[in-house]
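Laboratory data are not the source of any read-out in this text; all were calculated from the coordinates shown. Bear in mind the structure is a predicted one, so any value in this text is a computation, not a measurement. A quick note on method: Cβ atoms are made from the backbone with ideal geometry, for glycine too, and the neighbour counts reach across all protein chains shown.
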Amino acid sequence: MLSCLALTLMSVNSVFQRLGWLVLLLVIAQGCSGSGDGSAPLRGTVLLRGQPIQVRGRSDGLGWVKLKLLPADVALTDTSKIVEAGVSESGEFQIQKHNGNGKAGLLPGKYRLGLEVEDQGKRLYPEYDLTRSKLLRDLKPGDENLVLDFAGP
């Protein structure tokens, strides 16, 4: 009787070990499969009147162009929800992380778009600052060829 009970306990223990491994593998698979919240990386080009924004001080580290996005339904004062992306000399940008939740990419929806452009200590194009900009755009994360033309058609 005692040996039968010991055998049963060992079988139950083996089942629990296998279940433990299965749960661990499922957790790892979920972590590797993406964010699971519908977000995805976003890539594209930022233009001003059809051209990449030129900043003379960029090569010296004294100038930059940043694209800023904020969900349209979020107050401008909620800076924790702002997503930023550096813009290259050719106008290219890439968003890999979504601020606020640390997940990969950007969530789909309508966004307010803004620019931060600085050249040798001087702020350029203040009319496109996120707090002043009236530009709204429906964004579909995963888009690889998005063109955002400020002051364009």
Pair Lys122, Leu62: separation of 7 Å Cα→Cβ label points (nm): 1.1 nm
- prompt: Length gain on complete extension for the stretch Lys110 to Asp149, per 0.36 nm per residue less the alpha carbon to alpha carbon distance?
  reply: 12.4 nm
- prompt: Using 0.36 nm per residue, how much length does the chain from Asp129 to Thr77 gain when fully extended, once their Cα-Cα distance is taken away?
  reply: 17.4 nm
field: In nm, spacing of pseudo-spin labels at Gln51 and Ser90 (7 Å Cα→C-beta vector)
entry: 1.8 nm
